[in-house]
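One structure is given here, and the rest of the page talks about it.
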Amino acid sequence: MRNSLATPSSPGFSYLFLFKKEYHTYISGGLGPSPTVLEVFSLFTNNDLIYRTDLHIKPTKLDDAKLVTIESGRPPSKPERRQAGWDGDVDEGDEEYNARVERWRDEYLRWFEVEDFMYRISDEHYLEYKFG
């Protein structure tokens, strides 16, 4: 019963970000805290598509702990070049702008659509990992 009150921000329940909010109570009550990737993958693939969310997620994989945590949100937008304006700013140089774009690209590539993430994490190597 207690598990059904969990939210994606509760310890061990970040996997709820993979599913629509209206099913969190049902899913968290069934899987409990820190299920394995295999358990979540099985629920994800063996049930109706209505459970799946269309949010973007940012997983963090901790190999030493065999743990995966999930964040939800939007991937960052590509930065625009800063140009001189009324506030006295100077134009941004190519080097500074390219460095910001490179940092953006690194962060952007960490975000996935849920189905793409589930495909990648379903590799045999990760099935024993647990969700944090």
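All of the numbers you see were taken from the coordinates with simple rules; none came from a lab. The structure presented is a predicted model; accordingly, all values stated were derived computationally and were not measured. Backbone-built Cβ (ideal geometry, glycine too); neighbour counts: all protein chains shown.
Compute the signed sum of charges (Lys and Arg +1, Asp and Glu -1) over the other residues within less than 14 Å, Cβ to Cβ, of Tyr15.
Net local charge, Tyr15 excluded: +4.
For Leu49 and Val101, what does the FRET efficiency come to when R0 = 30 Å and r is the distance between their Cβ atoms, rounded to the nearest 0.05?
With R0 = 30 Å, the Cβ-Cβ based efficiency is 0.25.
About the Cα centre of the chain, how large is the charge dipole given +1 on each Lys and Arg Cβ and -1 on each Asp and Glu Cβ? Please answer in debye to the nearest 20.
Roughly 660 debye for the chain.
Using a Förster distance of 22 angstrom, determine the FRET efficiency expected from the C-beta separation of Ser42 and Ser10, and round it to 0.05.
E(calc), rounded to 0.05, equals 0.55.
Starting with the highest mean, order 93-105, 18-30, 63-75 by the number of other Cβ atoms within 10 Å, averaged over the residues of each peptide.
Top to bottom by mean Cβ count within 10 Å: 18-30, 63-75, 93-105.
Mind putting a number on the dipole of the stretch 1-59 about its Cα centre? Charges go on the C-beta only, +1 for Lys and Arg and -1 for Asp and Glu, and I need it in Debye to the nearest 20.
140
Please report, in cubic angstrom per residue, the volume enclosed by the convex hull of the alpha-carbon atoms of the chain.
With only Cα atoms used, the chain gives 148 Å³ per residue.
Can you grab the distance from the C-alpha centre of the stretch 29-72 to the C-alpha centre of the stretch 109-124, Å, no decimals?
10
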